Amino acid sequence: MGYRVVVAGATGNVGREMVNILAEREFPADEIALLASSRSQGDEIEYGDTGRMLKVQNIEHFDPAGWDIALFAIGSEATKVYAPKFAAAGCTVIDNSSLYRMDPDVPLIVPEVNPDAIDGYRAKNIIANPNCSTAQMVVALKPLHDAATIRRVVVATYQSVSGAGKQGMDELFEQSRNIFVGDPATPQKFTKQIAFNVIPHIDSFLDDGSTKEEWKMVVETKKIMGAKIKVTATCVRVPVFVGHSEAINIEFEDEISAARAKSILREAPGIMLVDAHEDGGYVTPIECVGEFATYVSRVREDPTVDNGLSLWCVSDNLRKGAALNAVQIAELLGRRYLKKAA
Ligand SMILES: NC(=O)c1ccc[n+]([C@@H]2O[C@H](COP(=O)([O-])OP(=O)(O)OC[C@H]3O[C@@H](n4cnc5c(N)ncnc54)[C@H](OP(=O)(O)O)[C@@H]3O)[C@@H](O)[C@H]2O)c1
């Protein structure tokens, strides 16, 4: 017997990927309910490439009693309303919004990195998925941390517009088209023109001059990997549709050569090392779209600090940064606790 699974936000960027990934990974689901707002009620979405069409239901009228797992990607405001209701009805919520990530009673999970932390999910019956930039970074950091203990991380991100939802993708597309035909490219979703530009600002500003996106990378990395790791981030939106990139500089407690780091990364779960010192011997965001892996390239020693390494890390933000990680959490939950499916 399999699970009864809900995907809330099934019409969005992350929700559609969650539906695809459940199908691709043949998640043991006996029944799937797709939910979104009243705007999408009655829309049809295909379950992966199976030809099986599922109707979208309005979350307002959905009764979660008797459902096992709900994968949420509906933003913090709607999550605040519906996640407690689903969790109280016995349906475990795996949430993509930032609402519960720093709640001490909610585990924040990346299955390759801190699977055991899932044990705390029963306190609220909710599990949080990290921010997209944090998820791919900790997958790359964890095996190196285990080998040489990370002291400090300096990261600059190059984040695609799909990280800002459907509206973000539409804005890059429309601005690019408008510029080619000589029409004005007026910003709406983003604070400045995103087509043919980069914007060093994601989410709101905090009192210290950093942004909330940068703060999330700091505190979420600590929650997942340990409070001692120091992180400083600069998060930048770039005119790429899908795929986040990160230039990461790491200082370790212990000595670690680039050669050793590469051999560790080659074996590490969830990572694909592509690092040839030649033209094109690295991965760019366009190549990671639709993939499960977090790609690491350009691993090299940083001689300006003791025990320093620099690397380049790329992943599909809608997959490892959100939908794939959520489905992996559901798989982990099933294996450890729900034990329903064969
Ligand atoms: N994109 C990423 O890389 C990424 C990564 C990590 C986490 N996240 C998080 O995942 C969540 C979804 O992001 P997204 O990029 O998929 O956004 P999106 O493309 O804008 O989609 C939003 C989804 O939420 C639904 N929704 C909005 N308000 C709702 C309401 N009141 N009741 C029910 N459904 C509602 C929408 O339904 P309608 O179509 O009916 O409006 C749609 O399905 C956000 O919390 C985001 O922060 C995104």
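Data table
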read-out	value
Carbon and sulfur %, accessible surface of the chain computed with the full protein complex present, 1.4 Å	50 percent
Prolate/oblate/rounded label for the range 7-46 (Cα gyration tensor, a/c 1.5)	prolate
Pairwise centroid distance, computed over Cα atoms, of the range 165-229 with the range 234-282, Å	22 Å
For the range 214-274: rounded, prolate or oblate by the Cα gyration tensor [a/c cutoff 1.5]	oblate
Amide H contacts of residue 299 (H built 1.01 Å from N, under 5 Å, at least 5 apart or other chain)	312
Span-like helix ranges in the chain, DSSP H, alpha carbon extent 20 angstrom or more, Kyte mean at least 0.5	132-148
Using θ = phi - 60° and Karplus 6.51 cos²θ - 1.76 cosθ + 1.60, couplings along the range 59-69 (whole Hz; Gly, Pro as x)	4, 4, 9, 8, 9, x, 4, x, 9, 8, 9
Residue-span extension gain [residue 286 to residue 183] - 0.36 nm each, minus C-alpha spacing	34.4 nm
Net charge of Cβ neighbours under 15 Å - reference residue 243; Lys, Arg +1; Asp, Glu -1	-2
Modelled label reach - residue 24, point 7 Å along Cα→Cβ, the range 270-289 residues with backbone N closer than 15 Å	270-272, 286-289
Loop-located chymotrypsin sites (Phe, Trp or Tyr not before Pro) in the range 154-229 whose Cβ has at most 11 other Cβ within 10 Å (DSSP)	196
Length gained when the stretch residue 119-residue 197 is fully extended (0.36 nm per residue, less Cα-Cα span)	23.7 nm
Candidates per trypsin sites (Lys or Arg not before Pro) in the range 159-243, loop by DSSP, up to 12 other Cβ within 10 Å	192, 228
Stretch gain in nm, segment residue 306-residue 85, where the contour uses 0.36 nm per residue and the Cα spacing is subtracted	74.5 nm
Global form of the chain, assessed from the alpha-carbon gyration tensor, a/c cut-off 1.5	oblate
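The values are calculated or read from the model by the stated rules, or taken from the named source; none is laboratory data. These figures come from a predicted structure and were not determined experimentally. Backbone-built Cβ (ideal geometry, glycine too); neighbour counts: all protein chains shown. Heavy atoms of the whole protein, side chains included, go into the accessibility calculation; ligands, DNA and RNA do not. Shrake-Rupley method; radii C 1.70, N 1.55, O 1.52, S 1.80 Å.
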